[in-house]
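Structure first, then comments.
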Amino acid sequence: MSAQEIRITSSDVDALDGVSEFERELVKQINDEVMDPHIPVSIVEMGMIYDVRYDGGHVTVDMTFPCMGCPAYQMIQDDIEECLLELEGVEDVSIEIVWDPVWSKDRLDEDVQQKMQESGTSV
């Protein structure tokens, strides 16, 4: 699964090809548990998750941030690790920060843009 090719959203993760049921569950867990600390949407909805892979107890998450130098980097990564370790079968979590492709507001679907505007965040 790679959001560099396909944008992962909470609504379309079930339709992705080549994704195991457990990888779908991992994305849903992040979507349900890890919110952007500044606006009322999850980091999955924000398009910050690029890839989630599971291999025998080990989970690797490729993700990005909307800007460099965000003071919430570590908090978000800790939240991802914590929520994934709650799932049976997950023994450890690695998080890789990637900057290619660069995040842009084009990664936001209309529903997310609406939520952001309703919260007073310009899009």
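Residue by residue, here is whether (1) of a type in the set (Val, Ile, Thr); (2) in contact with a Leu (Cβ under 7 Å, 6 or more places away or on another chain); (3) assigned to a helix (DSSP H, G or I) holds:
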| residue | (1), (2), (3) |
| --- | --- |
| Gly18 | no, no, no |
| Val27 | yes, no, yes |
| Pro37 | no, no, no |
| Pro40 | no, no, no |
| Gly47 | no, yes, no |
| Tyr54 | no, yes, no |
| Val59 | yes, yes, no |
| Gly69 | no, no, no |
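Please find, among Trp99, Trp103, the residue that is among the hydrophobic types (A, V, I, L, M, F, W, C) and more than 22 Å from Glu23 (Cβ to Cβ). Can you show your working first?
Working: Trp103 fails: more than 22 Å from Glu23 (Cβ to Cβ).
Criteria check complete, one pass: Trp99.
Given the residues Asp14, Asp79, which is the only one that is modelled with pLDDT of 95 or more, of a type in the set (Asp, Glu) and part of a helix (DSSP H, G or I)? Steps first, answer last, please.
Details: Asp14 fails: modelled with pLDDT of 95 or more.
The match here is Asp79.
When you scan the range 92-110, do you find a residue that is modelled with pLDDT under 90 and either among the aliphatic types (A, V, I, L, M) or part of a strand (DSSP E or B) (or both), even just one?
yes
Condition check: modelled with pLDDT under 90, among the aliphatic types (A, V, I, L, M) and closer than 22 Å to Ser122 by Cα. Does Met68 satisfy that?
Numbers: modelled with pLDDT under 90: yes; among the aliphatic types (A, V, I, L, M): yes; closer than 22 Å to Ser122 by Cα: yes.
In short, yes.
Please go through the range 17-35 and pick out each residue that is out of contact with any Cys (no Cβ under 7 Å at 6 or more places or on another chain), hydrophobic (A, V, I, L, M, F, W, C) and at pLDDT 85 or above.
Within the range 17-35, Phe22, Leu26, Val27, Met35 qualify.
Taking the stated definitions as given, is Val61 touching an Asp or Glu at 6+ places or on another chain (Cβ under 8 Å) and aliphatic (A, V, I, L, M)?
yes
Yes or no: Glu86 under 22 Å from Gln29 (Cα atoms), in contact (Cβ under 8 Å) with a residue 40 or more places away in the chain and surrounded by fewer than 12 Cβ atoms within 10 Å (Cβ to Cβ)? Let's see the steps before the verdict.
Values: under 22 Å from Gln29 (Cα atoms): yes; in contact (Cβ under 8 Å) with a residue 40 or more places away in the chain: yes; surrounded by fewer than 12 Cβ atoms within 10 Å (Cβ to Cβ): yes.
Against the criterion (under 22 Å from Gln29 (Cα atoms), in contact (Cβ under 8 Å) with a residue 40 or more places away in the chain and surrounded by fewer than 12 Cβ atoms within 10 Å (Cβ to Cβ)), Glu86 qualifies.
Would a scan of the range 63-72 turn up a residue that is touching a Pro at 6+ places or on another chain (Cβ under 7 Å) and over 25 Å from Gly89 (Cβ atoms)? First the steps, then the outcome.
Applying the first criterion (touching a Pro at 6+ places or on another chain (Cβ under 7 Å)) to the range 63-72 yields 72.
Next cut, over 25 Å from Gly89 (Cβ atoms) only: 72.
Taking every residue of the range 63-72 in turn, at least one turns out to be touching a Pro at 6+ places or on another chain (Cβ under 7 Å) and over 25 Å from Gly89 (Cβ atoms).
Quick one: Val112 ticks every box in (1) surrounded by 12 or more Cβ atoms within 10 Å (Cβ to Cβ); (2) over 18 Å from Lys28 (Cα atoms); (3) among the hydrophobic types (A, V, I, L, M, F, W, C) except a single one, so which number is it?
Tallying (1) surrounded by 12 or more Cβ atoms within 10 Å (Cβ to Cβ); (2) over 18 Å from Lys28 (Cα atoms); (3) among the hydrophobic types (A, V, I, L, M, F, W, C), Val112 fails exactly one: (2).
Just to verify a result, which residue in the range 37-62, among those that are hydrophobic (A, V, I, L, M, F, W, C) and touching a strand residue (DSSP E or B) at 6+ places or on another chain (Cβ under 8 Å), is nearest to Asp92 (Cα to Cα)? Lay out the reasoning, then the answer.
First pass over the range 37-62, keeping only residues hydrophobic (A, V, I, L, M, F, W, C): 39, 41, 43-44, 46, 48-49, 52, 59, 61.
Adding the requirement that they be touching a strand residue (DSSP E or B) at 6+ places or on another chain (Cβ under 8 Å) leaves 41, 43, 48-49, 52, 59, 61.
On the way: Val41: 25, Ile43: 20, Met48: 20, Ile49: 18, Val52: 13, Val59: 6, Val61: 11 Å.
Looking at residues that are hydrophobic (A, V, I, L, M, F, W, C) and touching a strand residue (DSSP E or B) at 6+ places or on another chain (Cβ under 8 Å), I get Val59.
The values are calculated or read from the model by the stated rules, or taken from the named source; none is laboratory data. All of these numbers come straight from a predicted model, not from anything done at the bench. Note: ideal-geometry Cβ built from the backbone for every residue, glycine included; neighbour counts use all protein chains shown.
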